[in-house]
Amino acid sequence: VTPAASRTRGPAVLLALALGACGRYADLAQKLDVTARIAGDTWIAAGGHDGAQIRILLVGRPDAHGAAPFAFTAIDNVSNGSTLVSRVTTLQGTWSEVASGAATLRVAHTYTLPEEIGTSLYSRQGTSRDDAEHTRRIAVARDAGRLSVSGDDALAGTYVPLVEALRALGTSTARDATCAFWIADLGIQTSEARIIGFNSPGMYQYQQAETYAGTIAGGVHVSLSGTLATTTRIEYAGFQDVGGVVLTGPQVTDADSGGSGHMSGVLRFALAPLPLDPAGAATITGTIDYGSGGDAVQISGGNPTGGAYVTAIDGGGTARVSAIAPPAPTVAQCLALP
Amino acid sequence: VAPSLLLALAIAAAPAPEPSGAPPAEEAHAERLDGWRHAIGIGVHSAQLSSKEGSQYTFHSGSIGYLGSVGVTGPFLQAFFLVPLQARQDGEVYSTATYYRQRRGADLLLGAEHRWALGPGLELEAGPGLHGTFIYLPGKEGYRDFSAFPLGLGASGVLRWATRAERLRRTVTIDGYASVAYDFRDPLHADDLAHGFAVRVGVSMGLGAVR
């Protein structure tokens with residue numbers, strides 16, 4: 001689904017022959033998955049100077065000391081005209097808020113999926129995690145169901161509950177299917193930002209398969225087979241990093257040592273808005289086909305260079321979402337974010 | 001390993017040659033510095049890497065390998081297999097057996113040497129060369145793999161003592177060896193190696209001059 005995902009798989013393939021080494025040195029004895037499950041609320045905002053960055057904030061229930069687990073992800077889609085990739089940063093830690101509205105974020109893990117369109121496959125760093133703890137301070141205010149965050153430009157924004165924003169989605173038109181794709185893709189992008197080595201030769205690591213837990217529920221199983229020509233399989237199982245967005249199914253990338261190949265697999269998504277009327281709950285379900293006939297997502301040099309994510313809403317609209325064009329409509333437009 | 005094992009077997013199994021008369025001292029001296037030297041060695045290897053990201057890694061390994069050279073002045077090759085036993089990063093110490101399912105490595109030094117006679121039965125060989133270390137630590141389930149392939153320049157010294165024993169018409173030697181290296185390039189991590197150092201010391205047994 002995600003352009004970044006496509007890209008990443010390609011590099012992973014090449015990297016195989018590099019013994020999983022390229023990019024910077026790995027940390028010694030580094031655990032691959034350190035995510036702690038969070039039961040809480042997912043908030044979403046449009047951020048950045050042009051509002052194009054999507055910010056997702058998941059805050060759990062506070063413990064006896066007032067500290068709540070949190071996860072924050074900032075997602076940018078970057079296009080150079082011939083490909084489209086993702087740049088993602090994720091923070092995990094604890095959120096301590098006082099009555100005055102001041103909040104202290106103790107960040108335990110910082111994940112980075114850099115944009116590396118112009119970087120050769122073997123020099124890419126891919127997703128990495130920094131476990132150096134640090135503290136950030138923000139101010140928060142809640143009003144009319146919105147959460148306003150200020151004091152830190154990287155996190156600032158007017159957040160709305162995602163399950164409420166999902167009410168803006170329709171089901172019948174091609175635009176609705178396109179929006180469904182980009183919303184489902186949020187969950188894929190957050191997962192890619194936690195798969196250590198994603199979009200780099202470090203994917204060779206997954207010749208020994210690994211499962212990453214969803215922050216809210218489920219998990220994603222990552223495996224790679226082959227050496228020069230490789231097959232990377234990223235399989236979601238009830239995966240939920242973003243509240244209200246559930247993913248199940250495989251994303252498969254076959255590529256040669258130059259990072260060129262194609263994707264396949266059909267991923268199912270479920271988008272569950274919070275209904276205004278409890279009796280009217282209507283979860284939007286559908287599929288994203290990565291390898292639909294002649295529209296299979298193509299990869300060259302580790303970047304998606306053609307094809308489409310063929311998205312179909314069950315009983316509703318369908319869309320051919322270009323693998324290289326910027327989102328149109330954007331997530332902010334789909335969800336009518338403030 | 002195979003050449004080393006064959007050499008060891010040859011040293012152990014070959015029949016002792018017939019005693020021979022002593023050649024003139026100076027002539028014997030010159031002859032004794034010439035020719036091939038083969039040995040198998042065992043020792044310890046330490047490699048330190050500094051990354052551009054600011055981390056410092058140290059690996060302490062056991063090593064076993066081959067040391068060979070030819071001529072009073074000539075080429076030499078030292079090739080060792082490594083078993084990384086302990087690793088450190090920024091002050092934290094890790095037992096490699098705890099986190100990695102396999103521990104593999106190699107160290108290679110290829111260069112030019114010169115030999116000096118230090119006295120009866122005692123010979124020193126030293127010279128510079130090209131150096132490379134390879135470390136590969138695939139992680140246990142749930143842990144990330146680690147690899148490094150620093151390349152650079154090094155120098156080696158071997159001190160040989162000729163015993164009275166002979167195998168294959170050559171003197172059996174007991175040696176001490178040491179090498180140092182400065183590494184500045186990692187083709188697998190070209191973006192991240194700032195510099196590295198490697199030290200290898202050990203003892204070896206081999207075949208020296210033709211008797």
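What the table below lists for this structure:
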{"item": "Matching residues in segment A:130-157 - criterion: being under 20 Å from the mean Cα position of the chain (by Cα) and assigned to a strand (DSSP E or B)", "result": "A:ASP130, A:GLY157"}
{"item": "Residue that is farthest from the other protein chains (Cβ to nearest Cβ) [pool: residues in segment B:157-171 that are of a type in the set (Gly, Ala, Ser) and surrounded by fewer than 16 Cβ atoms within 10 Å (Cβ to Cβ)]", "result": "B:ALA165"}
{"item": "Qualifying residue in segment B:43-61 (condition: more than 20 Å from B:PHE197 (Cα to Cα), away from chain A (no Cβ under 14 Å), of a type in the set (A, V, I, L, M, F, W, C) and surrounded by fewer than 17 Cβ atoms within 10 Å (Cβ to Cβ))", "result": "no"}
{"item": "Among the residues listed as B:GLY142, B:GLY154, the single one being under 26 Å from B:ASP175 (Cβ atoms) and either within 14 Å of chain A (Cβ to nearest Cβ) or in contact with a Pro (Cβ under 9 Å, 6 or more places away or on another chain) (or both)", "result": "B:GLY154"}
{"item": "Pair list, Cβ under 8 Å, 6 or more apart: segment A:205-227 residue farther than 19 Å from A:ILE188 by Cβ, other residue open to solvent by 30 Å² or more (accessible area, probe 1.4 Å) and among the aliphatic types (A, V, I, L, M)", "result": "A:THR227/A:LEU17"}
{"item": "Strands (runs of 3 or more DSSP E) contained entirely in segment A:221-338, each with at least 1 residues that are of a type in the set (Val, Ile, Thr)", "result": "A:230-242, A:245-255, A:266-271, A:284-289, A:298-300, A:303-306, A:308-313, A:318-322"}
{"item": "Residue count, segment A:99-136 (criterion: without any contact (Cβ under 8 Å) to a residue 12 or more places away in the chain and of a type in the set (Phe, Trp, Tyr))", "result": "0"}
{"item": "Filter result for A:GLY238 (over 26 Å from A:SER120 (Cβ atoms), out of contact with any helix residue (DSSP H, G or I) (no Cβ under 6 Å at 6 or more places or on another chain), surrounded by fewer than 18 Cβ atoms within 10 Å (Cβ to Cβ) and at pLDDT 95 or above)", "result": "yes"}
{"item": "Selection count where residues are in contact (Cβ under 8 Å) with a residue 60 or more places away in the chain and either within 11 Å of chain A (Cβ to nearest Cβ) or farther than 20 Å from B:ILE42 by Cα (or both), scope segment B:172-185", "result": "1"}
{"item": "Residue among B:GLY132, B:GLY127 that is more than 13 Å from chain A (Cβ to nearest Cβ) and within 18 Å of A:TYR25 (Cα to Cα)", "result": "B:GLY132"}
{"item": "Yes/no for B:LEU188 being outside any strand (DSSP E or B) and either in contact with a strand residue (DSSP E or B) (Cβ under 9 Å, 6 or more places away or on another chain) or away from chain A (no Cβ under 14 Å) (or both)", "result": "yes"}
{"item": "Residue match in segment A:101-111 (condition: modelled with pLDDT of 95 or more, within 14 Å of another protein chain (Cβ to nearest Cβ), in a strand (DSSP E or B) and buried (at least 22 other Cβ atoms within 10 Å of the Cβ))", "result": "yes"}
{"item": "Condition met for A:GLY197 (at pLDDT below 95, assigned to a loop (DSSP other than H, G, I, E, B) and crowded, with 24+ Cβ neighbours inside 10 Å)", "result": "yes"}
{"item": "Within segment B:124-153, considering residues that are touching a helix residue (DSSP H, G or I) at 6+ places or on another chain (Cβ under 7 Å) and surrounded by 20 or more Cβ atoms within 10 Å (Cβ to Cβ), the one farthest from B:GLY71 (Cα to Cα)", "result": "B:TYR143"}
{"item": "Breaking point among (1) under 21 Å from A:ARG24 (Cα atoms); (2) aliphatic (A, V, I, L, M); (3) at pLDDT below 95, for A:ALA64", "result": "(1)"}
{"item": "B:GLY111 vs. criteria in contact with a strand residue (DSSP E or B) (Cβ under 7 Å, 6 or more places away or on another chain) and within 14 Å of another protein chain (Cβ to nearest Cβ)", "result": "no"}
{"item": "Test: residue in segment A:286-298 that is surrounded by fewer than 16 Cβ atoms within 10 Å (Cβ to Cβ), out of contact with any helix residue (DSSP H, G or I) (no Cβ under 6 Å at 6 or more places or on another chain) and more than 30 Å from A:LEU91 (Cβ to Cβ)", "result": "yes"}
{"item": "Residues located in segment B:147-169, provided they are of a type in the set (Phe, Trp, Tyr) and over 16 Å from B:HIS45 (Cβ atoms)", "result": "B:TRP161"}
{"item": "Cβ-Cβ under 6 Å pairs, at least 6 apart or on other chains, segment A:295-314 side without any contact (Cβ under 8 Å) to a residue 24 or more places away in the chain, far side among the charged types (D, E, K, R)", "result": "A:ALA308/A:ASP295; A:ALA308/A:ARG320; A:VAL310/A:ASP289; A:VAL310/A:ASP295; A:VAL310/A:ARG320"}
{"item": "Residues that are outside any strand (DSSP E or B) and open to solvent by less than 40 Å² (accessible area, probe 1.4 Å), drawn from segment B:65-121", "result": "B:GLY71, B:THR96, B:GLY121"}
{"item": "Residues located in segment A:158-194, provided they are among the aromatic types (Phe, Trp, Tyr) and not in a helix (DSSP H, G or I)", "result": "A:TYR159"}
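The values are calculated or read from the model by the stated rules, or taken from the named source; none is laboratory data. Since the structure is predicted, the reported quantities are computational estimates derived from the model, not experimental observations. With ideal geometry, Cβ positions are generated from the backbone for all residues, glycine too; neighbour counts draw on all protein chains shown. Accessible surface is based on the protein model in full, side chains and every heavy atom, while ligands, DNA and RNA are left aside. Shrake-Rupley method; radii C 1.70, N 1.55, O 1.52, S 1.80 Å.
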